[in-house]
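Below you'll find the structure, written out as structure tokens, and then a few comments.
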Amino acid sequence: MYTNIDIQHLLHVTEDWLKTHAKELPCDFPTNTIVAPLELVMKSNIFHFGDTWWIQNVGTAMRTPCASIIAIMYYAHYEKFTLIPKYQHFLPHYFRFIDDGLGIWIHNTDPDNSNNSS
């Protein structure tokens with residue numbers, strides 16, 4: 001998942017997540033101080049693999065301390081605003097730990113049932 005996250009969308013979602021949860025954060029939480037350096041890290045990641053050095057142009061900056069928490073926030077945003085609203089009728093139970101999800105999918109095969117949306 002990490003390497004497939006669009007960086008511009010990640011930055012937008014992170015800022016939106018921080019604003020959405022502002023009441024749960026300390027009153028002087030430095031949202032701008034988080035987003036600006038995050039952009040620098042995500043757009044300027046250089047990493048070492050074997051005996052070579054690479055510039056990462058796509059996806060979450062790997063091997064950085066913020067990669068896991070940012071990916072968790074990104075996917076939580078997706079769950080809250082896309083996955084759950086769209087498929088809640090089929091997912092009576094859904095759980096996630098970091099980037100591993102487990103759900104129970106109940107597929108309704110009755111075409112006359114109004115809850116059957118896809």
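How much accessible area per residue does the chain have, in Å², with a 1.4 Å probe? List each step's numbers first, then the result.
On the way: 8460 Å² over 118 residues.
So the chain comes to 72 Å² accessible per residue, rounded to a whole number.
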Partner lysines for K86 [C-alpha distance under 27 Å; skip if fewer than 8 residues away on the same chain]: K19, K23
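Taking every pair of Cα atoms in the chain, average 1/r, invert it to obtain the Kirkwood radius, and report Rg/Rh to two decimals.
On the way: Rg = 18.0 Å, Rh = 16.6 Å.
Taking Rg over the Kirkwood Rh, I get 1.09.
Do the sum for the chain: with -39,500 (n - 2.57) for every DSSP H run of n ≥ 4, divided by all residues, what is the mean residue ellipticity at 222 nm, to the nearest 500 deg cm²/dmol? Show your work: numbers first, answer last.
Numbers: 4 runs with 43 residues, N = 118.
Here the helix-only value at 222 nm equals -11000 deg cm²/dmol.
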Sorted peptide list for 69-78, 33-42, 49-58, criterion being average Cβ within 10 angstrom, highest first: 69-78, 33-42, 49-58
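The values are calculated or read from the model by the stated rules, or taken from the named source; none is laboratory data. Bear in mind the structure is a predicted one, so any value in this text is a computation, not a measurement. Quick reminder, even Gly has a Cβ in these numbers, built from the backbone with ideal geometry, and neighbours come from all protein chains shown. What goes into the accessible areas is simple: the full protein's heavy atoms, side chains included, and nothing from ligands, DNA or RNA. Shrake-Rupley method; radii C 1.70, N 1.55, O 1.52, S 1.80 Å.
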